[in-house]
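Worksheet for the structure shown next.
The values are calculated or read from the model by the stated rules, or taken from the named source; none is laboratory data. Just so it is clear, the structure is predicted and the values come from calculations on it, not from any experiment. Reconstructed Cβ throughout: ideal geometry from the backbone, glycine too, with neighbour counts over all protein chains shown.
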Amino acid sequence: MIFDSIVSLLKSRISGSREKNIVKAVSSGVIARIISILTQFISTKILIDYLGGKEGFGIFTTILTILSWIQLTNFGFGLGLQNTLIVAVAKKDILLQKRLIRTTQVALSVICFLCFIIWTVGYLNKFPNWVIFFNASHSIYAKYVNASVYVTGLVALVTVWTSYISPFYSANQSLHKLGYWTIAGQIGAFSGLIIATQLKLSLPYILLFYTGITSFVGIVNAVWLMIKIPKFHFPNIKDFSFFQLKEILGVGSAFFLIQITALLQYNLDNFIISGTLGPAEVTPYSLVQRLFMVFTNISALVFVPLWSAFGNAIACNDWDWVKRRYQQMRIMMLGSFVLFWIFLLVFGQTILRFWVGPNIIVPYSLFIMVGVMMFCRVWLDVHSLMCNALNVVRINAILGIPVGLIQVGIMYIGIQKWGLNGMILGVAFSLLITGGWILPLLAHNNIRKRHAGFINSNNNLQQS
């Protein structure tokens, strides 16, 4: 059943243009994901050895969490632009596409510049003092924490400014082209890490070389698009439109709140572990999570182009296609994850010993607990993708932040009472009792209602 769905969804026997674009994006993204997995695999070993073991690597990993915070939210512009641009491309409205892209460019430029000033003033006045948050006991690490966080924040702001690029590729169903730039960024980041460690640089420079080169590749991509397709990408204040800005933020604000929720749900775990148990305990948790992230990296090959394809199909009222592919996506993703989980339960500890050596002990229970948590996340991701493509995000956004705060509370209580395993199970439990049932219900009801409405509209037109 699982393999039939995979074949049906991805193989080139499918004749529609959407399916061909999905296959093309998946095929081109395979190389990027393989390179990503290999470079992360090698980089982790290099960093653990270079940073002196569990505490140094734990601090490095937690600092990278801040980068993911800012990149994840991108102030709602990325996903807000994506959904509005998908509709504009489907309708072949060139003028609207220009206004949407250039409005986003201008708005992000202003926001990122203001954030740069605030971020710099805060760093110069040592506010906040990140050493306290990281619970860094070693004086070597404590000395560089604030500078490391500042550098990482600057890199994140550059990445946020270029966040309009991915929606452009997605809306035009040409994510395979974005994959080439992703490969360049990954190779650049790995090369930067090698250079920084060979030069014996300190933690802030390690982070700058490791993350900054990827952001630089994003800037090169932006410049290349300005030269290649100036009618869309060359900044022009004349095409800035407050009406389009309102439209983007109308969609993006809901996504922004959902992204804040995702931050609360998925990106505070390292901080809670570091602040409660110490940064050294982040390392075994992070290593197991990185093994499971191999699956999520691979699944993104399908998720990202599917969002664009679903959005295009919905704009064209192709509801039979939507329902069929939605069912196949659920079977494929959940079934594939279970198989991957079983593989890690059998071979996970062997892989870790080969990967980072025998000095870092990872208990077997972590593979069970993290697997439960990741299964719940995959379940949410599948239904969240469908809700995002349907533009059904407002109720999610309204409920998201209070639900996220509840989940943080459950995580904190869990780690205080039962340690690391308690926090992980707390995450899984909170995901199931919140979005675990809301998202499937929203997706199913919306597809059914909109499909029925389209049929009734067609019948009325035929009768008239």
Pick from T61, T65, T73, T44: which is under 24 Å from the mean Cα position of the chain (by Cα), modelled with pLDDT of 90 or more and of a type in the set (V, I, T)? T44
Hey, any hits in the range 297-312 for a residue that's in a helix (DSSP H, G or I) and over 21 Å from the mean Cα position of the chain (by Cα)? yes
Among the residues listed as K177, K246, K228, K200, the single one being charged (D, E, K, R) and under 30 Å from E55 (Cα atoms): K200
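The rows are residues; the columns are (1) in contact with a helix residue (DSSP H, G or I) (Cβ under 6 Å, 6 or more places away or on another chain); (2) at pLDDT below 90; (3) assigned to a helix (DSSP H, G or I).
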{"position": "F347", "(1), (2), (3)": "no, no, yes"}
{"position": "I360", "(1), (2), (3)": "no, yes, no"}
{"position": "G404", "(1), (2), (3)": "yes, yes, yes"}
{"position": "M411", "(1), (2), (3)": "yes, yes, yes"}
{"position": "G419", "(1), (2), (3)": "no, no, yes"}
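The rows are residues; the columns are (1) out of contact with any Asp or Glu (no Cβ under 8 Å at 6 or more places or on another chain); (2) closer than 27 Å to L306 by Cα; (3) surrounded by fewer than 16 Cβ atoms within 10 Å (Cβ to Cβ).
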residue: F168; (1), (2), (3): yes, yes, no
residue: S174; (1), (2), (3): yes, yes, no
residue: L178; (1), (2), (3): yes, yes, no
residue: I183; (1), (2), (3): yes, yes, no
residue: F190; (1), (2), (3): yes, no, no
residue: S202; (1), (2), (3): yes, no, yes
residue: Y205; (1), (2), (3): yes, no, no
residue: L208; (1), (2), (3): yes, no, no
residue: V217; (1), (2), (3): yes, yes, no
Answer from G29, G122 - the residue that is at pLDDT 90 or above, more than 30 Å from I360 (Cα to Cα) and not charged (D, E, K, R): G122
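Would you mind stating whether V322 is aliphatic (A, V, I, L, M), in contact (Cβ under 8 Å) with a residue 60 or more places away in the chain, buried (at least 18 other Cβ atoms within 10 Å of the Cβ) and farther than 30 Å from T44 by Cα?
Values: aliphatic (A, V, I, L, M): yes; in contact (Cβ under 8 Å) with a residue 60 or more places away in the chain: yes; buried (at least 18 other Cβ atoms within 10 Å of the Cβ): yes; farther than 30 Å from T44 by Cα: yes.
Taking the combined requirement at face value, the residue satisfies it.
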Of the conditions (1) surrounded by fewer than 21 Cβ atoms within 10 Å (Cβ to Cβ); (2) at pLDDT 85 or above; (3) assigned to a helix (DSSP H, G or I), N317 fails just one. Which one is it? (3)
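Residues checked against (1) among the hydrophobic types (A, V, I, L, M, F, W, C); (2) over 30 Å from S43 (Cα atoms); (3) modelled with pLDDT under 90; (4) part of a helix (DSSP H, G or I):
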position	(1), (2), (3), (4)
K200	no, no, no, no
Y205	no, no, no, yes
F216	yes, no, no, yes
V223	yes, no, no, yes
I227	yes, yes, no, yes
F232	yes, yes, yes, yes
L249	yes, yes, yes, yes
Q259	no, no, yes, yes
F271	yes, no, yes, yes
